[in-house]
Each structure stands twice: as structure tokens, then as C-alpha cells.
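Below: the structure, in C-alpha cells.
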Amino acid sequence: MSFILFLLPISTLSDREIRTLLASLHDLPLHYNIVHEFHQLVKNCSANHHTKIIPTPVYERYADSDLPTVSLELMLRCEPLTLLLRKLEKVKKYKYSHLSDDAIHFKMVTSNVSIVIHMLDEVRKNKRKFICLNSNLDPKSKSNDLIHALVQDTYESLFPLPSYFELPLNYRNRFLYMEELVAWRKWRDFVRALIYACLASLVFLTLVNFFSAETFYQWTYC
């Protein structure tokens, strides 16, 4: 059941997650009486059902919160909470629409040049909203470079202008994952800060040395 899957990744519900749950189930703005009724429901369920005691981490509760631990076991044993979760099955997380197979090209790209040319010509002739080319190339085939060129030529024919978020032709994205980009930016900022600190120190030492020399010469001539 989807309402059970909704709870599986977590052991308890925090106040933030409860707010998100209520916002998903009710019309906005979310009135105080809705939140109060849910809190009272949780308190009643906790008092009437003896479940395994799970300590609630401090960061999962607001400072003024008086809710008990809202565990998976409690929500599955308490029928009102279970019925409330069943309503999530009717809530669509994302808007979507069903389309027929006529809206998509799904092609298996093999190492047979003749078949690929005929397949790509079909893509050119019958324009559809989505194009899915699944690579099924033989890694030992000598025709793979030609196949890649044919696919690229087809895409450049259908979409001659690059999207605004694409990199220029001479650039390549060196990062495969977002974590790598974030780590590189942190290292870049650290190195930049270190260089600025060294330059500032050099300028400071130069000024100190200059004024020290001037003061020494004045005392010498006096």
C-alpha cells in the first residue's frame, strides 16, 4: 500500500513532516483548528495504544511542541491515523497526463548501419514529442563511430539551436555528480581565500618594512 511506503523510509514523523502531511491533505491556508485536531488525535492514539517506546530526537520537535513520538507502529495501529494516511493515495505529487504511443519514438540503436539509417529517417519524417534512443551497440563493432555520427546528425537536424542551459561546443562538464561540483567549489573558495590572505599579508609586510625604513632614516639624519 502506498501509505505504508510513504512511512517506510522514516522511523518517526517530525513536526515539519506533519505540517507537510497536513498541507498535502487539506486546502490552503491551513487553519489552526486542523493542526490542533491532528495533534489531539495523535495524543489520543498514543494514550490508547501501547506501542514500542521510540525516543523522539530533539530536532524533530519544535520548541513549544507537546506531541508524543509519532512512530510507524503507532500510525498503523491507530485506525483514524491509518484512514488519514489512506487519503494520500488520492493525492498526486506531480501533475501528469497519459499519452499514447504515438507521442514517442522508442528505437533500439544497433551497430547495423542500414537499419539505423532507416530508423533515424523515420524519426525525421514522423516528428513526435519525445524521442528515446536506446543504445544496443556491439562494443566490438567498427561501425560504432559512424552510428554515433548519424545519431548526432539527426539530432542537430531536428534541434539546430542549443538550449540555453547547454554548454558551448568547446566546453565539457567535468563533474558527473552535484556533490563533486560542490566539493570543487569549496576547494576553489578555500584556495582563493588563501591567495587573498597571502597577498594581503605581503602588502602589509611591505608597508611595515617601508615605514620602518623611513623611520630609521629620519632618526639617522636627526
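Quick rundown of the values:
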quantity: Selection status of Ser143, within 30 Å of Leu99 (Cα to Cα) and not aromatic (Phe, Trp, Tyr); calculated: no
quantity: Some residue of the range 149-158 being in contact (Cβ under 8 Å) with a residue 24 or more places away in the chain and over 30 Å from Ser100 (Cβ atoms); calculated: no
quantity: Near pairs, Cβ below 6 angstrom, 6+ apart or cross-chain, from the range 177-201 (in a helix (DSSP H, G or I)) to any residue that is not polar (S, T, N, Q); calculated: Leu181/Phe175
quantity: Selected residue (only one of Ser201, Ser143, Ser212 is modelled with pLDDT under 90 and open to solvent by less than 70 Å² (accessible area, probe 1.4 Å)); calculated: Ser212
quantity: Conditions (1) among the aliphatic types (A, V, I, L, M); (2) open to solvent by 40 Å² or more (accessible area, probe 1.4 Å); (3) in contact with a helix residue (DSSP H, G or I) (Cβ under 6 Å, 6 or more places away or on another chain): number failed by Ile104; calculated: (3)
quantity: Meets criteria (under 30 Å from His26 (Cα atoms) and either exposed (fewer than 10 other Cβ atoms within 10 Å of the Cβ) or not charged (D, E, K, R) (or both)) for Tyr164; calculated: no
quantity: One residue from Asp15, Asp27 being over 30 Å from Leu146 (Cβ atoms), among the acidic types (Asp, Glu), at pLDDT 75 or above and in contact with a Phe, Trp or Tyr (Cβ under 8 Å, 6 or more places away or on another chain); calculated: Asp15
quantity: Single unsatisfied condition, Arg86 versus (1) free of Cβ contacts under 8 Å to residues at least 40 places away in the same chain; (2) surrounded by fewer than 16 Cβ atoms within 10 Å (Cβ to Cβ); (3) under 29 Å from the mean Cα position of the chain (by Cα); calculated: (1)
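Table: residues versus (1) assigned to a helix (DSSP H, G or I); (2) farther than 30 Å from Leu22 by Cα.
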residue	(1), (2)
His98	no, no
Asp102	yes, yes
Ser111	no, yes
Ile117	yes, yes
Lys140	no, yes
Leu146	yes, yes
Leu150	yes, yes
Asp153	yes, yes
Ser157	yes, yes
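The values are calculated or read from the model by the stated rules, or taken from the named source; none is laboratory data. Remember, predicted model here, so these are calculated numbers, not experimental data. All Cβ positions, even for glycine, are placed from backbone atoms using ideal geometry, and neighbour counts span all protein chains on display. Protein only, heavy atoms only, side chains kept; ligands, DNA and RNA dropped before computing areas. Shrake-Rupley method; radii C 1.70, N 1.55, O 1.52, S 1.80 Å.
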